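Notes to accompany the following structure.
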């Protein structure tokens, strides 16, 4: 992380007083005890006590706070609910945390235009709750959806188990209002589709709080599918499960959800929730079809046939809503289930080309052995997004470090086979130092210059995403040499 | 006009680097079918990227295709069709609309203009399917972003920025797109004789139902024949796609639910699919090339109001896609400024935006083609342009004057 500026820290009281002029009363938190809850996010291994916590409640306050921070060169870490698994909201000792929790209202439900306008602090589930009485829902459903906020979803481009069919956050956001570090309020998109000019809405989504602070979000909502049914399929090997997934997609079927678990994950989940998962299989697949009843009933039959062709050892089709939920109960409880068999676990998030799954799982087992740790795997099988859960005990000397080293090795393996470092959790601080396994310095410079266009002083969430911070003036330099060259080797017409 | 045709990314980078050094503008061309779209480029050189052609990898089970940008889109669609897949955002062929031949547009050109057809409302636009790319920026540097997998949030989503940037930030040299299965069956319901208000009401009811509507368009009588040959009355079209038993069941249910709007006619399979290709290609406005064509994006419920504001002042023809949210508008060529003042005011009043899609080069050079932006957004867009292309040499002026 960037070296904290002792001068800024020394001015804490003075800065707090100035910010209280903008956000009065309890909107500025300076006491150490009250700052403590903000010291980390979902990536709890990393902790830093922020300089101050500021909780604005209007866009105008956000604009004035950001302008103040720019004028006084104070760093800003935006925060939603703090559920990031990559340390996206990790505070800085010399920076304020800008908490958006007070922006918690659904501003407009517009069924006729199939959209909801919400403040960023509304939870992901809160959007669905506001519209479900009319048979609608908001599609992206990260597993933290009870707690995580729509603003945080925009920052991280969150996914969930349904995103193969319904898209990530970026495919479901129609517009945002954002405030730049200069305090400028900018609106991108709205209730209409596609942007005018450069697609800055697309750039904002997934920018991990480095480009601006979102103060309003417009999302599209969908009519809820009338039917959902799931198939629970056990396989003798990860390879046959992987082949079955490929065959389902090749048959033209895009399931609403397609989740895979390996043997350690199956056992941990079954021991925890007792839903009747088969324990004699190496891999378990949950395939959920949703949509109109006629379609679901038709496709269930086809999935069943494909699974039988791919050496399925056991196969159950949900015959009731209760049974469908039971199939999911184990998968949804996979994280806490693993938490029961290990004092701590570390959730990794990489994506691979799905066909490389068997070798990645083999490689992962080899790496786990090397680091003397155990791994359980849950996997968004449809889109190749792996979530290895590394089991460790933070109280044992060196285990956290070994878990992190194993996580890094697993992500390197993902990149090696043609995949990427993160499918849905973001880079944050967690994967920052691995960025150079995917991108060379020129690639990263092009990304960082985009940051400079928004935030030339690098005050918004510094230390996240990019391994090395360059000054914008240095990045902006044009490294070309004038003077006419002949280009004898380029054909001209 | 001098025309360069680099044969690989290294040569391209060298050329752009030279152009950046000397501040020499380059007009980037592959198929060239969309040169009439956007402002006329103010550049002394043409950069022909036709050497960057060919499909490099197609993996139907992984739902990805990697190709070079000058690959003809037709070639890609043929290859996808063999595996029963498609580009689900249904990009149209605007060649004939813009006075060019049909079937010649390139993959890169389509992506750079962020095309999307009627399925946009359900499946997104080109922007939603560009997974990653390699390019040479206006700095003359080769770089890449995104990846070759369908789910990826590593780094900024520069793919979104490239889609719809009209070649003004970087020259694409390789792209990876997400592909999806082609539906087994298509059914289109046609409601006859509705006015705009009733048509949007019918489309809204259909889109808000759980029947997974993948297209909803309304053609007033003046525009209908190019989409439904022989038809003379206004037609409202609603599309259902999927496995055959599903399409049949949903069509029957939806017909029943929409009975207040009249008895819907059913078009199945090819007859049900053909009208949507005509809509994506903007076929109703191909025949009268002298008319200026606008593309207006607004909230669906605002469609009829925007249309009324325009037709109240201009002799315009308008048809609707995207459930009422997309208006295609053809204005007589003799109208001052192509009706810009009225069209822009109507779009703006509805919170949307208007793009001048077809007009003479003279008009496209004189009035804004893309929706003018508020000062803070305009300044930000300018800084982004300069971060990729500091000397403003790539397609200068294509999107905005002096940019």
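Where a number appears in this text, it was derived from the coordinates with a stated rule and is not lab data. As the structure is a prediction and not an experimental result, all values here were calculated from the model. Here the Cβ is made from the backbone with ideal geometry for all residues, glycine too, and neighbour counts use every protein chain on show.
Go ahead and run the numbers for FRET between residue B:77 and residue A:393, Cβ-Cβ distance against an R0 of 60 Å, rounding to 0.05.
With R0 = 60 Å, the Cβ-Cβ based efficiency is 0.65.
When only alpha-carbon atoms are used, what values of Rg and Dmax, in angstrom, describe the stretch B:20-123?
15.1, 48
What is the distance, in nm, between label points placed 7 Å from the Cα along the Cα-to-Cβ direction at residue B:287 and at residue A:416?
6.3
For residue A:101 paired with residue B:313, estimate the spin-label separation in nm (one decimal), with each label point 7 Å from Cα along the Cα-to-Cβ line.
About 5.0 nm separates the two model spin labels.
I need to check one value: relative contact order of the stretch A:36-145, counting alpha carbon pairs closer than 8 Å and at least 6 residues apart, in percent.
Averaging sequence separation for qualifying contacts and normalising by length gives 25 percent for the stretch A:36-145.
Separation of the stretch B:266-280 and the stretch A:212-262 by C-alpha centroid, Å?
Using only Cα atoms, the two centres lie 29 Å from each other.
Any idea what the alpha-carbon Rg over 2.2 N^0.38 Å comes to for the stretch B:174-322?
Normalised Rg, Cα atoms only: 1.07.
Given the options B:296, B:318, B:367, which has the most mean-square fluctuation in a GNM of chain B, springs set between C-alpha atoms less than 10 angstrom apart?
Top of the fluctuation ranking is B:367.
Could you list the square roots of 5 times each eigenvalue of the Cα gyration tensor of chain A, that is, the equivalent ellipsoid semi-axes, sorted largest first and rounded to whole Å?
Taking √(5λ) for each eigenvalue gives 39, 27, 25 Å, largest first.
Work out, step by step, the length gained on full extension between residue B:345 and residue B:252: first 0.36 nm times the residue separation, then minus their alpha carbon distance; give nm to one decimal.
29.4 nm
Calculate the tail of P(r) for the stretch B:170-257: the fraction of all Cα-Cα distances greater than 22 Å, expressed in %.
Tail of P(r) above 22 Å: 39 percent of Cα pairs.
Could you tell me how far the Cα centroid of the stretch A:292-320 sits from the Cα centroid of the stretch A:370-449, in Å?
34
Set the Förster radius R0 to 30 Å, insert the Cβ-Cβ distance between residue A:111 and residue B:184 as r into 1/(1 + (r/R0)^6), and round the FRET efficiency to 0.05.
0.45
For all pairs of alpha-carbon atoms in the protein assembly as shown, what percent lies in each bin of width 10 Å, listed from the first bin to the last filled one?
All Cα pairs, binned at 10 Å, distribute as 2, 12, 22, 26, 21, 12, 4, 0, 0 percent.
Determine the principal axes of the Cα atoms in the stretch B:118-237, then give the extent along each, sorted from largest to smallest and rounded to whole angstroms.
56, 30, 25
Would you mind pulling out the separation of the Cα centroids of the stretch B:155-220 and the stretch B:65-143, in Å?
After rounding, the separation between the Cα centres reads 14 Å.
Relative to the compact-globule scaling 2.2 N^0.38 Å, provide the ratio for the alpha-carbon radius of gyration of the stretch A:359-489.
1.39
Expressed as a rounded percentage, what relative contact order does chain B have, with Cα pairs under 8 Å and six or more residues apart?
Reported relative contact order: 19 percent.
Give me log10 I(q)/I(0) at q = 0.26, 0.27 Å⁻¹ for the stretch A:73-142, Debye formula, one equal scatterer per alpha-carbon, no solvent.
The calculated log intensity ratios at q = 0.26, 0.27 Å⁻¹ are -1.13, -1.18.
Calculate I(q)/I(0) for the stretch A:356-430 by the Debye formula, one identical point scatterer on each C-alpha and no solvent, and give its log10 at q = 0.20, 0.22 Å⁻¹ to two decimals.
With no solvent term, the Cα-only Debye profile gives -0.87, -1.04.
Note down the relative contact order for the stretch A:160-288 as a percent, whole number, built from C-alpha pairs under 8 angstrom at least six residues apart.
28 percent.
Test of understanding: express the Cα radius of gyration of chain B as a ratio to 2.2 N^0.38 Å, with N the residue count.
It is 0.99.
Share of Cα-Cα pairs in the stretch B:227-305 beyond 22 Å, in percent?
I get 41 percent for the Cα pairs in the stretch B:227-305 exceeding 22 Å.
When chain B is treated as a GNM, springs tying every alpha-carbon pair under 10 Å, which of B:301, B:256, B:123 comes out with the largest mean-square fluctuation?
B:256
For the stretch B:99-148, count all C-alpha to C-alpha pairs, find those more than 16 Å apart, and express that count as a whole percent of the total.
Looking at the stretch B:99-148, the distances longer than 16 Å represent 57 percent of pairs.
If you wrap a convex hull around the C-alpha atoms of the stretch A:12-125 and split its volume per residue, what is the figure in Å³?
Per residue, the Cα convex hull of the stretch A:12-125 comes to 114 Å³.
For a bin width of 10 Å, list the pair-distance distribution of the stretch A:73-209 built from all Cα-Cα distances, rounded to whole %.
Distribution as computed: 12, 43, 35, 9, 1 percent.
Anyone know which of B:130, B:115, B:314 comes out most mobile in the 10 Å Cα GNM of chain B?
Comparing B:130, B:115, B:314 in a Gaussian network model of chain B, the most mobile one is B:314.
Any chance you could get the radius of gyration and Dmax over the Cα atoms of the stretch B:65-123, in Å?
Using the Cα atoms of the stretch B:65-123, the pair Rg, Dmax is 11.4, 32 Å.
Starting from the Cα of residue B:84, step 7 Å along the direction of its Cβ; do the same at residue A:132; then give the gap between the two resulting points in nm.
In this crude label model, residue B:84 to residue A:132 measures out at 3.5 nm.
Set the Förster distance to 56 Å, then compute FRET efficiency between residue B:55 and residue A:20 from the Cβ-Cβ distance, nearest 0.05.
Calculated value: 0.40.
Give me the orientation-averaged projected area of the Cα convex hull of the stretch B:15-61, in nm², one decimal.
So the Cα hull casts an average projection of 5.2 nm².
Per residue, what volume in Å³ does the Cα convex hull of the stretch A:188-322 take up?
189
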